[in-house]
Amino acid sequence: MVSRDVAFTTMTERLFGQKHKIIIFSNLNHALDYIYNSIPDLLIVDFFHENSAAYAVISDLKSDSIFGQVTVIGLFGESQEIPDNGILPIDDYIRSLADEKEVFSRIEICLARADRVVETNPLTRLPGNITILKQIQNRIESGDIFAMSWVDVDYFKPFNDKYGFARGDEVLKMLGRLVLNTVRQKQPVGSFVGHIGGDDFVFIVNHEIMEEVAQELIDNFKNIIPTFYDADDRARGYIESVDREGVHRTFPIMGLSIGITHNSDRCFKHYGEMAEVASEMKKFAKMCGGCCFKTDQRVV
Amino acid sequence: MDIQALRLQIEKIDTLPTMPGVLKKLLKVIENPKVSLNEIGSFISSDPVLTSRVLKLVNSPVYGFPGRISSVSQALILLGMNVVRGLLLGVSVFEVMQKSMIGLWEHSIGTAITARIIAQQKGIPEPEEVSVAALLHDIGKVVLSLKFPDEYAGVIADAEKEGIFIFEAEKKHFSVTHAEAGSWIAQRWNFPRSLVEVIEYHHKPNLSKTMLVQSAIVHLSDILVRAKGLGFAGDNFVPALNSGAWQILNISESELSGIVLEMDSALSHADDFLLGEQD
């Protein structure tokens, strides 16, 4: 929170200090170092006490790919004009004389929205890397027992090379919907689906149903994917394209390889460890010919 | 009205109404919180309008893979339960119900069931696609009678009075038939090319470029269902089989009697889907 309005900062601390960590800065420039280092969930900036140079700072912050996700609430004087959103790109505003209830609701709603509107992959609109990391790290830290899958498309690259990236994107958009709905149908509450990028997806469900979900996903994909090929390739059952070494060869119809890990028999401290194991298991599934899932059985 | 203007009129149609009886059953299905996607799927697959609604949505540019999905079960898993529920809640019914419409519904369902039997017999790789195409083959009749109710009543009356086929009467009134009208709306709604083609050529399957066998199957099913006297497709008599279709399918007499037997048993189990007048 950047404000010299003591009445406002005291009220906000009283309202939210229990549930959230609040750090108060007296001017925006002093706050920047902290913002860049720890990416807050919410930034409240008092524009009554800041000059218009602050507009440019917020504008820069919001145009950044990482910091642009930080929700910014502007605090304005009673009759102060709210600048055009093109000049000052904020997410919401509060008037300095607003009553306690109003301030509470506005901030609550912004925090909830920041939680909900996560950074998404532009192709599939699924949560992206930062959210995936947060999801998994939070679950690890709160001691949840859960299983995580890393999903990857077999023979995606040759498909992309042969038909072009627009056709490849069609497949990824379809896969995004497919993972989301297959997972949600099996576990409507407490599951999670994210898109790492390219043809890599992750999802989280309860350990007991993970293999069932993975198998269903593989089957559903196998069932739908032929319609994404041209009729003649579909009939042949393979396509001709070039491999990573530039050699012409034939590639089968795409399938899914899924690597699974979970923390019921082993302990993970960090997102990175867990992601690495899942990715390893995915590579193992690929080595086994693809179109299958492999679950990490190691006890550590 | 010239053909271009007619086409523009038809392409303006955003959504089709269904039968009051279907809506009653539909509400029962979606009000059940425990209903599975499979159950909803088999219900949707028994109604041409609900099927076209689902295919229209899943093939819309919003989802990013237009023209790819021709199967109801695949559409449902890609749309997800919440979207499907929402979609079905918005279904309306024909305000003026003609008896002939109920007959058309029964005819469409019968054709879909029969087409699936023949597709399986002929070893077609995607029998569901053929059955969906069969369910939708007369969607042009729904479209024309929705958009031009008075003219279409005239078409039906003409066909009966002059003893001509319904598509001949359509041609006189609209200068196109329901086959073209259906294919226009199917294209407009980004249905896969395969479906569009079968809808367009179900009366002259030999002219289809890439869906010869599938169009011929739907053509034969159409005629078999009429011959059985199931439902009402607008004609009082059964049209002749297109000779090209017969050559394309190459079905022996014993195969045909096998198909008819299987039809009898499948259709006797399909009573649930058929509406009748009691609804």
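Bear in mind that the values in this text are calculations on the coordinates, not laboratory data. Because the structure is a prediction, the values reported are computed rather than measured. Because the Cβ atoms are built from the backbone with ideal geometry, glycine has one as well, and the counts that use them run over all protein chains shown.
Only helices enter this figure: runs of n ≥ 4 DSSP H residues, each worth -39500 (n - 2.57), summed and divided by the residues of the protein assembly as shown, yield -17000 deg cm²/dmol at 222 nm to the nearest 500. Among B:Gln121, B:Gln98, B:Gln187, which one shows the biggest mean-square fluctuation in a GNM of chain B, springs joining Cα atoms closer than 10 Å? Of the options given, B:Gln98 has the highest mean-square fluctuation. Normalising the Debye intensity of segment B:54-122 to I(0), with uniform scatterers on Cα atoms only, and taking log10 at q = 0.14, 0.17, 0.29 Å⁻¹ returns -0.66, -0.89, -1.11. Straight-distance candidates among the aspartates and glutamates for linking to A:Lys162, with alpha-carbon spacing under 17 Å and chain neighbours fewer than 8 residues away dropped: A:Asp154, A:Glu170, A:Asp199, A:Asp230, A:Asp232, A:Asp233, A:Glu240, A:Asp243, A:Glu245. Annotation: average projected area of segment B:181-227 is 3.2 square nanometres, based on the convex hull of Cα atoms across all directions. Using the alpha carbons alone, the radius of gyration of chain B stands to its Kirkwood radius in an Rg to Rh ratio of 0.94. The H on the amide N of A:Leu126, modeled in the peptide plane, is under 5 Å from the matching H of A:Asn121, each at least 5 residues off or on a different chain. Tell me the net charge near A:Arg106. Cut-off is 13 Å between Cβ atoms, A:Arg106 excluded, with +1 for each Lys or Arg and -1 for each Asp or Glu. The answer is -3. For the peptides B:63-74, B:252-263, A:223-234, residues were scored by their other Cβ atoms within 10 Å and the scores averaged per peptide; the highest-first order is B:63-74, A:223-234, B:252-263. Cross-linked pairs A:Lys173/B:Lys24; A:Lys173/A:Lys286; A:Lys157/B:Lys56: Cα-Cα separations exceed 24 Å for A:Lys173/B:Lys24; A:Lys157/B:Lys56. Determine which lysines satisfy two conditions relative to A:Lys19: a Cα distance under 18 Å, and not lying fewer than 8 residues away in the same chain. Partners within reach: A:Lys101. In sequence order, segment B:250-261 has phi-based couplings of 6, 9, 7, 5, 5, 4, 5, 5, x, 4, 5, 4 Hz under the Karplus curve 6.51 cos²θ - 1.76 cosθ + 1.60, θ = phi - 60°, and Gly or Pro positions carry x.
In the calculated pair distance distribution of segment A:186-233, what percentage of Cα-Cα distances lie above 11 Å? In whole percent, the long-distance tail amounts to 75.
Close amide H partners of A:Ile44, meaning residues 5 or more places away or on another chain with modelled amide H under 5 Å apart, are A:Val2, A:Ile73. Once the Cβ-Cβ distance of A:Arg14 and A:Glu78 is raised to the sixth power relative to R0 = 30 Å, the FRET efficiency obtained is 0.90.
Net charge around A:Leu178, counting only other residues with Cβ within less than 13 Å of its Cβ (Lys, Arg = +1; Asp, Glu = -1)? Before the final figure, lay out the partial values.
Values: positive: A:Lys173, A:Arg177, A:Arg184, A:Lys186, A:Lys222, B:Arg68; negative: A:Glu170, A:Asp199, A:Glu216, A:Asp219.
That works out to +2.
For the segment A:222-228, counting C-beta atoms of other chains within 10 Å of every residue's C-beta and taking the mean gives 4. Phi-derived couplings, Karplus 6.51 cos²θ - 1.76 cosθ + 1.60 at θ = phi - 60°, listed residue by residue for segment B:195-212: 5, 4, 5, 5, 4, 5, 10, 5, 9, 9, x, 5, 8, 5, 7, 10, 10, 3 Hz, with x used for Gly and Pro. Look at the stretch B:82-89: the mean tally of other chain Cβ atoms within 10 Å of its residues' Cβ atoms is 1. Taken along its three principal axes, the alpha carbon spread of chain A comes to 72, 43, 33 Å, from the longest extent down to the shortest. Shielding value for A:168-175 is 3, the average number of Cβ atoms from other chains within 10 Å of each residue's Cβ. Its Cα centre serving as origin, segment A:1-149 has a Cβ charge dipole (Lys and Arg +1, Asp and Glu -1) of approximately 460 debye.
Kirkwood hydrodynamic radius of the protein assembly as shown from all distinct Cα pairs, in Å? Please report the intermediate quantities before stating the final value.
Details: mean 1/r = 0.0361 Å⁻¹.
Kirkwood radius, the protein assembly as shown: 27.7 Å.
Each peptide in B:197-209, B:223-235, A:4-16 gets a packing score, the mean of other Cβ atoms within 10 Å over its residues, and the list from highest to lowest is B:197-209, B:223-235, A:4-16. Remark: relative contact order (chain A) = 15 percent; criterion is Cα-Cα distance under 8 angstrom and separation of 6 or more residues. Taking amide H positions as modeled 1.01 Å from N, with prolines and chain starts lacking one, the residues under 5 Å from B:Thr18 and 5 or more places away or on another chain are B:Ser92, B:Val93, B:Phe94. Note: relative contact order over chain B, using C-alpha pairs below 8 Å and six or more positions apart, is 23 percent.
Within a Cβ distance under 11 Å of A:Gln69, other residues only, what is the Lys/Arg minus Asp/Glu net charge?
-3
Average 1/r across all pairs of distinct alpha carbons in segment B:87-240, invert it, and you get the Kirkwood radius: 15.6 Å. Computed over chain B with a Gaussian network model linking Cα atoms closer than 10 Å, the most mobile of B:Thr210, B:Thr114, B:Thr51 is B:Thr210. Here the Karplus curve 6.51 cos²θ - 1.76 cosθ + 1.60, taken at θ = phi - 60°, turns the phi angles of segment A:224-232 into couplings of 8, 4, x, 5, 8, 9, 5, 4, 5 Hz, with x standing for Gly and Pro.
Which FRET efficiency value, to the nearest 0.05, is calculated for B:Leu261 and A:Phe165 with the Förster distance at 56 angstrom and r the Cβ-Cβ distance? Efficiency for this residue pair is about 0.65.
How big is the charge dipole of the protein assembly as shown about its Cα centre, in debye rounded to the nearest 20, if each Lys and Arg gets +1 on its Cβ and each Asp and Glu gets -1 on its Cβ?
In debye, rounded to 20, the protein assembly as shown gives about 500.
In this Cβ point-charge picture (+1 for Lys and Arg, -1 for Asp and Glu), segment A:93-141 has a dipole of about 200 debye about its Cα centre.
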